[in-house]
Every structure is written in C-alpha cells, then in structure tokens.
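Trainee: Got a structure for you, questions after.
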Amino acid sequence: AQSVTQLGSHVSVSEGALVLLRCNYSSSVPPYLFWYVQYPNQGLQLLLKYTSAATLVKGINGFEAEFKKSETSFHLTKPSAHMSDAAEYFCAVSEDTGFQKLVFGTGTRLLVSP
Amino acid sequence: DTEVTQTPKHLVMGMTNKKSLKCEQHMGHRAMYWYKQKAKKPPELMFVYSYEKLSINESVPSRFSPECPNSSLLNLHLHALQPEDSALYLCASSQDQRGRNNEQFFGPGTRLTVL
C-alpha cells in the first residue's frame, strides 16, 4: 500500500517569508503525487501534481514542488508567503487498485502572520 | 465549467430524519466520489461511482445510501444517522476512475450536523 507522511501539523511563517511544507511518500511503484489546499469551510483545490513528466512542478498561486526520488519526498514551496495562503494543505498519493484512490496525508495548517 | 456544486451547504438533522445530499458536475466526468471529512482530519473515501455504477463502497454503514441518477448527478441519502456522523461531506469528480494521474475536482462540501 502507498502512503504519505506530512511532517508538522502546523507551520507558521511571516508574510513575505519562504513557505516549506514537507511531504514524504512510500510507494512500491512510481508514484503519482498531488498537493491540495483547503480554505476554511471549503472543498479541496488542486495546487499541483507530479506524474513523472518533470521533477520540478509548478502550480497555481506561486507554489511549486520538487520530486526527489532519492529522498522519497515531494515538498511544497513558495518563495514569499501571502496572508491569503493561510489554509490547510494536503499531500496525496494516487493508488490504482482497479480504480484511482487518493491516499491523503494528515495535513499541514499554514499560519501566516503580518 | 470546471465546478462541482453541492447542496445544501449546511444541514442539521435529527437521528430519525431522512435527508439527501446532492452533487452535480457538468465537466463530462464519468467518475464521482463521496468523501467524509472530520474536523482537522483528511478526507476519507466513502463511495466511488464509475459510469453511473457503484464501484467502491469502503465499508460504509448502510445508513448512508448513494445514488447516481445520471452521469452528472450524485446523491447521498441519509437515514437514522448518529451524532458521530457529523462531518463535512465532500463530493468529487474525475474524468475516469482509472488512471492514477486523474485530477479529482472537489465541491465545497455539505456541513452536516446530527443532533
């Protein structure tokens, strides 16, 4: 079975600072990885996805993630945090057990202070 | 139109009530999903429909009954729920149920409270 681990249930940054949200995966096959964002009382929105085409993936809202096979990681970064980035972020790996199933990490809440 | 809509946004029901949650998408997707999300937890998959047929039932209690009337609509019928069923219920859709690179599009969710 595949899984993802998100280190840090909460990450606090100042506005303008670098954002780094960590995700490590475990997979017996080449993984397909996703980052989703969830704002309060809303559904999930896809930020970006890795599907083996390129190791550096650019997403929406200035976010990007780098796939590192040697480290089994897919960390999410943004050079400069904005107040509107405050939200819950989920890393997910896609399984195919006859159908596509997203296996989510436990989530990281990003707090941005002025 | 890249939107998944869900109604109602909020629902409060008693343990003896029968209610339904509705989900709609017009992206031509053939796979639709129901998730349950408790506070401060990731979404948990409940059901998957593919081409209007139930593909996956992740051991969900029978008090939850999904229905897919057509390729654009997905309902979740609720009956005799328990207070621990209070959660955010999310609907999602994707182009197909196969293919690990499929993006799932999520609706805004229905916040359900069971008294």
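The values are calculated or read from the model by the stated rules, or taken from the named source; none is laboratory data. Small disclaimer: the values here were computed from a predicted structure and weren't measured. Here Cβ is always computed from backbone atoms with ideal geometry, including for glycine, and neighbour counts include all displayed protein chains. The accessibility values were calculated without ligands, DNA or RNA, using every heavy atom of the protein model including side chains. Shrake-Rupley method; radii C 1.70, N 1.55, O 1.52, S 1.80 Å.
Trainee: If you place +1 on the Cβ of every Lys and Arg, -1 on the Cβ of every Asp and Glu, and leave all else neutral, what size is the dipole of chain A about its Cα centre, to the nearest 20 Debye?
Mentor: Dipole of chain A, to the nearest 20 debye: 100 debye.
Trainee: Projected onto the charge dipole of the stretch B:34-93 (+1 at Lys/Arg Cβ, -1 at Asp/Glu Cβ, origin at the Cα centre), which of B:Leu54, B:Leu73, B:Pro43 gives the Cα projection farthest towards the positive end?
Mentor: Ranked along the dipole, the leading option is B:Pro43.
Trainee: Counting just the Cα atoms, what span does the protein assembly as shown cover along each of its three principal axes? Round to the nearest Å and put the largest first.
Mentor: Computed over the protein assembly as shown, the largest-to-smallest principal extents equal 50, 39, 33 Å.
Trainee: Choose one answer from B:Lys40, B:Lys18, B:Lys53: the residue with the largest mean-square fluctuation in a GNM of chain B with alpha-carbon springs under 10 Å.
Mentor: Of B:Lys40, B:Lys18, B:Lys53, the Gaussian network model singles out B:Lys40 as fluctuating most.
Trainee: What does chain B give for Rg and for Dmax, in Å, if only its C-alpha atoms count?
Mentor: So, for chain B, Rg and Dmax equal 13.4, 41 Å respectively.
Trainee: Right, another one. Which pairs, out of A:Lys58/B:Lys9; A:Lys78/B:Lys36; A:Lys58/B:Lys22; B:Lys9/B:Lys36; A:Lys101/B:Lys36, put more than 22 Å between their alpha-carbon atoms?
Mentor: A:Lys58/B:Lys9; A:Lys78/B:Lys36; A:Lys58/B:Lys22
Trainee: Between A:Asn61 and A:Gln42, how many nm apart are label points set 7 Å from Cα along the C-beta direction?
Mentor: In this crude spin-label approximation the distance works out to 0.6 nm.
Trainee: For the stretch B:1-64, just say rounded, prolate or oblate: build the C-alpha gyration tensor, square-root its eigenvalues into a ≥ b ≥ c, call rounded for a/c under 1.5, and beyond that prolate if a/b exceeds b/c, oblate if not.
Mentor: prolate
Trainee: Suppose every Lys and Arg Cβ carries +1 and every Asp and Glu Cβ carries -1, with no other charges. What dipole size does the protein assembly as shown come out with about its Cα centre, to the nearest 20 debye?
Mentor: It comes to approximately 320 debye.
Trainee: Among the DSSP beta bridges whose two residues both lie in chain A, what percent are antiparallel, rounded to the nearest 5?
Mentor: Expressed as a percentage, antiparallel bridges in chain A total about 90.
Trainee: Here is a further query. Rounded to the nearest 0.05, what FRET efficiency do A:Ala17 and B:Arg111 have when you use their Cβ-Cβ distance and R0 = 35 Å?
Mentor: 0.60
Trainee: How would B:Cys68, B:Cys91 rank on accessible area, largest to smallest, probe 1.4 Å?
Mentor: Result of the area sort, largest leading: B:Cys68, B:Cys91.
Trainee: Of A:Asn24, A:Asn61, A:Asn41, which has the largest mean-square fluctuation in a 10 Å C-alpha GNM of chain A?
Mentor: Result for chain A, Cα springs under 10 Å: A:Asn41 fluctuates most.
Trainee: Name the most mobile residue of A:Ala87, A:Ala54, A:Ala65, meaning the one with the largest mean-square fluctuation, in a Gaussian network model of chain A with Cα contacts below 10 Å.
Mentor: Among A:Ala87, A:Ala54, A:Ala65, the largest GNM mean-square fluctuation belongs to A:Ala54.
Trainee: In 5 Å bins starting at 0, how do the alpha-carbon pair distances of the stretch A:25-96 split up by percent?
Mentor: Per 5 Å bin, starting at zero, the Cα-Cα P(r) for the stretch A:25-96 comes out as 3, 15, 28, 25, 15, 9, 4, 0 percent.
Trainee: Taking the Cα-to-Cβ direction at A:Thr72 and at B:Asp96 and moving 7 Å from each Cα, how far apart do the two end points lie in nm?
Mentor: About 3.0 nm, to one decimal.
Trainee: Another question, if that's okay. Using the basic label-point model (7 angstrom from Cα toward the beta carbon), what is the B:Ser65 to A:Ala53 distance in nanometres?
Mentor: 4.3 nm
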